[in-house]
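The values are calculated or read from the model by the stated rules, or taken from the named source; none is laboratory data. Just so it is clear, the structure is predicted and the values come from calculations on it, not from any experiment. Cβ placement follows ideal geometry from the backbone for every residue including glycine, while neighbour counts extend to all protein chains displayed. We work out accessible area using only protein heavy atoms, side chains counted, and drop any ligands, DNA or RNA first. Shrake-Rupley method; radii C 1.70, N 1.55, O 1.52, S 1.80 Å.
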Amino acid sequence: MIEGLPVGLEFGIPFPGLGFQDQVIFTNALIVMALIFISSLFIVRGISLKRPTRWQIILEGTLNWLANTMEETIGSGGSRYLPLIASLFIYVLVGNLISIIPGCVSPTSNLTHNLALALIVFFATPVVGIMHIGFKNFLKHRMGPVLALSPLFFVLETIGEFSRPVSLTIRLFGNIRGEEILIAVINKIASMIYYIPITVVILPLTLITGFVQAFIFALLPTIYFAGAAGWGEEEHK
Amino acid sequence: MRKALTITLLIMMLSIPATLTLAQEEASETEVTTHSADIKQEKTTEAEEGEFSPIIYFMSIAVASAFAMAIAAIGAAISQARAAVSAMEAVARQPEASGKIQIQMILALVFIETLAIYTLVVVLILLFANPFTKYVVG
């Protein structure tokens, strides 16, 4: 959060021990979670095989599309971790798009929030690798092809592993935050002379960026998991 | 392309001495005012603090962030164009693989765009969350 550029009518539940900006982000994250939870409860209630409802088709289509994309990207068996990836995708998507509602702020425009999401992926990656190919093979994978150079390879791979959450965090933060600042600045310029609701014109542009960033935030963990577990390597060899 | 780059570099090189001369003028002005009234030693210490003018500080930050964003946009635009061109050629050659190529292209574009976003974050920190502003403004 940057002072001096109010994004909207920010409000936050006054939790003790948190600053105002943290309260705003925490409240909006809670709103996103409640929205997803309640809407999925309502969708699941009217579920049926013979006469699927409209929302059921939307949800199933989204999940099928994600699964197909993962299979296409890293080969067969790619959609094995669909629950984790899809929940990341839906959460980040709703979190990006909630700033359309006046008064809400995207919780993904906060560095700490994004770091928490990226750390889930960071800790899940070696777990997936060890579950699939075993601890010994996982270490061997890290050591590289030549035994003499294995310490160097291990250090390089580990540093590369640490750079992933940083890039995941800053990519999401920069995109969403930059967009919010753009909207705030354009709104300010437009309201200098006369109040023009130009935000209505610009907000649809944020739909594209929010969707693409959520897709990327779901697709990159898939590739990390594939690299850790060695999927798709048999096909190339 | 090379012409535009050289012109931007020339403008940058020309703008550096201009800001330096501005800074020197400001500094010399403060020196003159203090030399005329250097009866007490306290005033000279004030002048030493005043050498670092906040106007120059904010001006240099504005110029630096604008140039950083411009250079990042140039690099990102060129490399994204190259990636998109090769992806389109691949789709034209093999239209049945368009789905796979599209995903790979989006991934490549996002990795390139991340570098520009890093610059944006640095510029935002410089402009809005600069840790050294409190030493200048006081």
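For the reader, a short list of remarks on this structure follows.
- Drop in accessible area of at least 50 Å² in the complex versus isolated chain, residues of the range B:95-137, 1.4 Å probe: B:103, B:107, B:110, B:117, B:118, B:121, B:124, B:128
- A simple charge model with +1 on the Cβ of Lys and Arg, -1 on the Cβ of Asp and Glu and nothing else charged puts the dipole of the range A:20-231 at about 380 debye relative to its Cα centre.
- Mean ellipticity per residue at 222 nm, deg cm²/dmol - from DSSP H runs of n ≥ 4 across chain A, formula -39500 (n - 2.57): -26000 deg cm²/dmol
- Label sites at residue A:54 and residue A:154, each approximated as a point 7 angstrom past Cα along Cα to Cβ, lie 5.9 nm apart.
- Cα-projected label distance for residue A:116 with residue A:30, points at 7 Å along beta-carbon direction, nm: 1.2 nm
- Pairwise Cα distances in the range B:63-121 exceed 16 Å for 48 percent of all pairs.
- Summing Lys and Arg as +1 and Asp and Glu as -1 over all other residues whose Cβ lies under 15 Å from the Cβ of residue A:134 gives a net charge of +3.
- The accessible surface of chain A, taken with every protein chain in place and a 1.4 Å probe, is 73 percent carbon and sulfur.
- Size descriptor, Kirkwood hydrodynamic radius, that averages inverse alpha-carbon separations across chain A, Å: 20.2 Å
- Each of A:141, A:95, A:178 was placed along the dipole of the range A:60-192 (beta-carbon charges, centred on the mean Cα), and the one lying farthest toward the positive end is A:141.
- Minimum 50 Å² accessible area buried by the other protein chains, the range A:164-178 residues, probe 1.4 Å, relative to alone: A:170, A:171
- The residues of chain A have, on average, 56 Å² of accessible surface per residue, using a 1.4 Å probe with all protein chains present.
- Association of chains A and B removes close to 1500 square angstrom of accessible area from solvent, both sides included, for a probe radius of 1.4 Å.
- Seen from all directions on average, the range A:40-141 presents a Cα convex hull projection of 9.4 nm².
- For residue A:112, neighbours were defined as the other residues whose beta-carbon sits under 13 Å from its Cβ, and their charges (Lys and Arg +1, Asp and Glu -1) total 0.
- Projecting label points 7 angstrom from Cα along Cα→Cβ for residue A:182 and residue B:2 puts them 3.4 nm apart.
- Using 0.36 nm per residue and subtracting the Cα-Cα separation, the extra length available between residue B:93 and residue B:106 on full extension is 2.8 nm.
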